[in-house]
Amino acid sequence: MRTKAAVAIAAGKPLEIMEVNLDGPRAGEVLVEIKATGICHTDEFTLSGADPEGLFPAILGHEGAGVVLEVGPGVTSLVPGDHVIPLYTAECRECDYCLHPKTNLCQKVRATQGQGVMPDGTSRFSTLDGDPILHYMGCSTFSNHTVLPEVSLAKVRRDAPFDKICYIGCGVTTGIGAVIYTAKVEQGSRAIVFGLGGIGLNVIQGLRLAGADQIVGVDLNDSKKSMAERFGMTDFVNPAEVEGDLVPYLVNLTKGGADYTFDATGNVNVMRTALEASHKGWGESIIIGVAPAGAEISTRPFQLVTGRSWRGTAFGGARGRTDVPKIVDWYMDGKIEIDPMITHQLSLEDINEGFELMHAGKSIRSVVVY
Ligand code: NAD
Ligand code: AHE
Ligand code: ZN
Ligand code: ZN
């Protein structure tokens, strides 16, 4: 079939909107009509050329929602008409990782996904001239139609609005999941969240859900403050306005350091501050941010010797096919909020505007509706 997509031609170049060819689903694959897709910072990271796994030309986008149109041979868990959220972290329920209780990092399709192809080693996308176009993060939601492995799709209820639940495909689940699945934050905890963007705000609402007593938000951009307060932030710190070292300031503010800190900036210096602002003896610091190729983290080992832990999380530790439908329920039941964070709605033709808004710090989430 032919479909319309925003194609990343090369690093640093705007996406090009064009008709592309999409082959039908093969064994274990599913054709999905994408109804809405969010633009995540990670798409921008890849487009900029900072991602060592970034490949071109490719159809980016990994935060979407849509409807199953056709299933390939052997697909048993989905039928045409099902509503789905694509998963960049699959859940096959049978690999060593899926069977291990401590991780959500299913490896069933990870190797081929990282090469921009389907599990059989080929791409379903091509130009109208027949040149292959690669998939991205196993999703490629910047296309009106896409093909995914069955294990990379969460089936969700049919009454949930696509233009909101697409955000559960990455930002919402990553932020809330970092709190409840990865850190397992206890009631009454003190926490610090670095970066109050599309991920950090969801960490904040996760902390509120978990019953944290103190939720400190740290951002260089003052305009993020009011939205963060709406989601439960109790204290705001702009590092540019703090005299002297930020670590002792935050340790003092949290009465000895935070029980949990979260990096949602991708800046390795911030990651160090986050670790060191966690409480001596038991503080845990969770890295969510994705750092550019070659960047490294550092701290004095003494920080760990004295009881702080440095951890990381992908997709908030969520097992997509199991947890994503529940998060959709939380949204529909009013337990979590999504709507205020979707600050802009665009058409596919205007997708580059969404990237510009993100660059300028003017949006939380821009969502493309097909
Ligand atoms: P965003 O651009 O919306 O937000 C980042 C925020 O950090 C902005 O508000 C910015 O002002 C703030 N910031 C930047 N530098 C700062 C500094 N030095 N100190 C304090 N604040 C600072 O981005 P996002 O969509 O929220 O994504 C955040 C990070 O999370 C990105 O690196 C993204 O790639 C990553 N991410 C990771 C996962 C995962 O599974 N681990 C999932 C999604 C996104
Ligand atoms: N390819 C990059 C790393 C990118 C990365 O860390 N991706 C996160 C998801 S970010 C979503 O917005 C992730 O889930 N990683 C786990 C995985 O298996 O990719 C690099 O630096 O190589
Ligand atoms: Zn993302
Ligand atoms: Zn698996």
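Worth pointing out:
- Which listed residue, of L220, L209, L253, is within 25 Å of K335 (Cβ to Cβ) and away from ligand 2 (no atom under 16 Å from the Cβ): L209
- From E63, E53, E44, residue being surrounded by fewer than 23 Cβ atoms within 10 Å (Cβ to Cβ), touching a Phe, Trp or Tyr at 6+ places or on another chain (Cβ under 7 Å) and in contact (Cβ under 8 Å) with a residue 60 or more places away in the chain: E44
- Counted residues, the stretch 232-264 - those being in contact (Cβ under 8 Å) with a residue 40 or more places away in the chain, among the polar types (S, T, N, Q) and in contact with a Leu (Cβ under 9 Å, 6 or more places away or on another chain): 1
- For the stretch 124-179, residues that are part of a helix (DSSP H, G or I) and within 16 Å of ligand 4 (Cβ to nearest atom) total 3.
- Residue in the stretch 142-150 that is within 13 Å of G320 (Cβ to Cβ) and not acidic (D, E) present: yes
- Of all residues in the stretch 32-58, those being part of a loop (DSSP other than H, G, I, E, B) and within 15 Å of ligand 3 (Cβ to nearest atom) number 7.
- Within the set M358, M341, the sole residue that is within 15 Å of ligand 3 (Cβ to nearest atom) and modelled with pLDDT under 95 turns out to be M358.
- Every pair of residues 6+ apart whose Cβ atoms lie under 9 Å, when the first sits in the stretch 336-357 and is among the aromatic types (F, W, Y) while the second is modelled with pLDDT of 95 or more: F355/P14; F355/L15; F355/I39; F355/D43; F355/E44; F355/L47; F355/S366
- Residue within the stretch 125-142 that is surrounded by fewer than 22 Cβ atoms within 10 Å (Cβ to Cβ) and in contact with a helix residue (DSSP H, G or I) (Cβ under 8 Å, 6 or more places away or on another chain) present: no
- Lone qualifier among T89, T103 - being within 16 Å of ligand 4 (Cβ to nearest atom) and within 22 Å of A36 (Cα to Cα): T89
- Residue identified as more than 18 Å from I192 (Cβ to Cβ), within 21 Å of the chain's Cα centre (by Cα) and of a type in the set (A, V, I, L, M, F, W, C) among A274, A293: A293
- Pairing residues of the stretch 97-124 that are over 23 Å from L22 (Cα atoms) and of a type in the set (S, T, N, Q) with residues that are assigned to a loop (DSSP other than H, G, I, E, B) and within 16 Å of ligand 3 (Cβ to nearest atom), at Cβ distances under 7 Å and at least 6 apart in sequence or on separate chains, gives N104/T89; N104/A318.
The values are calculated or read from the model by the stated rules, or taken from the named source; none is laboratory data. In this text the structure is predicted, and so the values were computed from the model without any measurement. Using ideal geometry, Cβ is built from the backbone for each residue, glycine included, and neighbour counts are taken over all protein chains shown.
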